[in-house]
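Right, one structure below, let's go through it.
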Amino acid sequence: MAGVLQGVTVIELAGIGPGPFCGMMLADHGARVIRVERPGTSGRFGDGGNRDILNRNRERIELDLKDPAAIDQIKELVKSADALIEGYRPGVLERLGLGPDVLHAINSKLVIGRMTGWGQEGPMAPLAGHDINYIALSGALHSYGRKGEKPTFPVNAVGDFGGGGMMLAFGVVSAVLHARSGGQGQVVDCAMVDGAAILSAMTYTFLGNGQWKDERGVNLLDSGTHFYDTYETKDGKWISLGSIEPQFYALLMEKTGLKDDADFAQQMNPAKWDELKERMTALILTKTRDEWCAIMDGTDICFAPVLSLKEAPQHPHNVARGTFIEEGGMVQPAPAPRFSATPAPAPKLAGR
């Protein structure tokens, strides 16, 4: 099997972070992705590196885009491509002589995916930034963290990858479908500030309906409650609880020996949450993570141990599903999502 995107060709002007993640997503599922790298960068981590998981499943060529002959090669590739993706600051592609007007004159069906932090327009468009800044401006970062504590950013998952690379992959595939169904090529303006904002749609729903306080650590899903949080165990490890629905909460109460406790019966009383969290914290500390797993695994409590990056690939569920694979001596996430008729081909690291 060659993957669901077999027959789609994408030119990737090499960058780091969200752009390569988009290229990985497309290539994982069968697209032919030709990664154009600067001379001398092949084999370097983070920019054509052979050990960079984000760069797997690519064809690679080296071109100096300051050389007019290299620009001509890009134009030749574009003639038969479905899409081109890039992650430069606004205006750089135009200065290279590869702006949308030029590229669409060559191939009117071409989709041009443009990955930036602030977008192609707006007062901050020309400025530098990183994931932490984009999610800050979107409002998302404000909602991550504990009560009374500073905002805690979720590594770079929300800006670079969820709101950036994944959004660009969605945009590119959508625009390619449009072009193939009789439409024209177009520019996909993918800004991480926009992506982080739309990933927060449910939070904005709660806020708009008066179900969310505009502060950290006091709400249903942001560590404000005793039944949706992480807890340290006796051995210094951690577990996660997500027992929101009444039937799941009842199971939690049963398995923790709290089913007859009148205070814990007040699950949805915010005035009790701090007190109940303190008591739950003390209770969970009385057993090791493995002991809690023995009690809660296999139930509908909505429970899972908090696994480290090294532990997660060894968990029986992940093993059974093949959620992680090893390729080129590196453990890495397997392609996702899964397609029943056109499964993704086995990934290959760059240079293999």
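Consider the stretch 337-351 and keep the residues that are under 30 Å from Ile61 (Cβ atoms) and not aliphatic (A, V, I, L, M). The one that is least open to solvent (accessible area, probe 1.4 Å) is Pro347.
Beta carbons closer than 8 Å, at least 6 apart along the sequence or on distinct chains, pair a first residue in the stretch 54-75 that is over 20 Å from Met330 (Cα atoms) and in contact (Cβ under 8 Å) with a residue 40 or more places away in the chain with a second that is open to solvent by 70 Å² or more (accessible area, probe 1.4 Å) and part of a loop (DSSP other than H, G, I, E, B) for Leu65/Arg38. Counting only strands (runs of 3 or more DSSP E) that fall entirely inside the stretch 238-336 and contain at least 1 residues that are within 24 Å of Met24 (Cβ to Cβ) and either open to solvent by less than 50 Å² (accessible area, probe 1.4 Å) or among the aromatic types (Phe, Trp, Tyr) (or both), the qualifying elements are 324-327, 330-333.
Comparison of Gly40, Gly7 shows that the only residue that is in a loop (DSSP other than H, G, I, E, B), modelled with pLDDT under 95, out of contact with any Leu (no Cβ under 8 Å at 6 or more places or on another chain) and over 21 Å from Leu98 (Cα atoms) is Gly40. Residue selection: Thr203 fails the criterion of being of a type in the set (Val, Ile, Thr) and out of contact with any helix residue (DSSP H, G or I) (no Cβ under 8 Å at 6 or more places or on another chain).
Going through the stretch 163-202 one residue at a time, which ones are in a loop (DSSP other than H, G, I, E, B) and either of a type in the set (A, V, I, L, M, F, W, C) or surrounded by 15 or more Cβ atoms within 10 Å (Cβ to Cβ) (or both)? So that I can check it myself, show each step before the final result.
Narrowing the stretch 163-202 to residues in a loop (DSSP other than H, G, I, E, B): 181-186, 200.
Result: Gly185, Gln186, Ser200.
Is it fair to say Val176 is at pLDDT 95 or above, of a type outside the set (Gly, Ala, Ser) and in contact with a Leu (Cβ under 8 Å, 6 or more places away or on another chain)? For Val176, the condition - at pLDDT 95 or above, of a type outside the set (Gly, Ala, Ser) and in contact with a Leu (Cβ under 8 Å, 6 or more places away or on another chain) - is not met. Number of residues in the stretch 142-156 that are touching a residue at least 60 places away in the same chain (Cβ under 8 Å) and open to solvent by 80 Å² or more (accessible area, probe 1.4 Å): the value is 4. Does Asp300 satisfy the condition of being touching a helix residue (DSSP H, G or I) at 6+ places or on another chain (Cβ under 6 Å) and of a type in the set (Asp, Glu)? Spelling it out, Asp300 is indeed touching a helix residue (DSSP H, G or I) at 6+ places or on another chain (Cβ under 6 Å) and of a type in the set (Asp, Glu).
For first residues located in the stretch 203-216 and in contact (Cβ under 8 Å) with a residue 24 or more places away in the chain and part of a helix (DSSP H, G or I), partners that are among the polar types (S, T, N, Q) and open to solvent by less than 70 Å² (accessible area, probe 1.4 Å) and lie 6+ apart or on another chain with Cβ distances below 8 Å form the pairs Thr203/Ser143.
Among residues of the stretch 125-137 that are among the aliphatic types (A, V, I, L, M), those with a Cβ under 7 angstrom from a residue that is part of a loop (DSSP other than H, G, I, E, B), sequence gap 6+ or separate chain, pair up as Ala125/Pro90; Ala125/Trp118; Ala125/Gly119; Leu127/Trp118; Ile132/Phe153; Ile135/Phe153.
The C-beta contact set for the stretch 89-106 (first residue more than 17 Å from Cys190 (Cβ to Cβ), second residue open to solvent by 30 Å² or more (accessible area, probe 1.4 Å) and not in a loop (DSSP other than H, G, I, E, B), distance under 7 angstrom, 6+ apart or interchain) comprises Ile106/Lys75.
The residues of the stretch 189-220 that are more than 19 Å from the chain's Cα centre (by Cα) and of a type in the set (A, V, I, L, M), listed by number, are Leu207, Val218, Leu220.
The values are calculated or read from the model by the stated rules, or taken from the named source; none is laboratory data. Quantities reported herein were computed from a predicted structural model and do not represent experimental measurements. No Cβ is skipped: glycine too gets one built from the backbone with ideal geometry, and neighbour counts run over all protein chains shown. When the accessible area is computed, the model is the full protein with side chains, heavy atoms only, and any ligands, DNA or RNA have been set aside. Shrake-Rupley method; radii C 1.70, N 1.55, O 1.52, S 1.80 Å.
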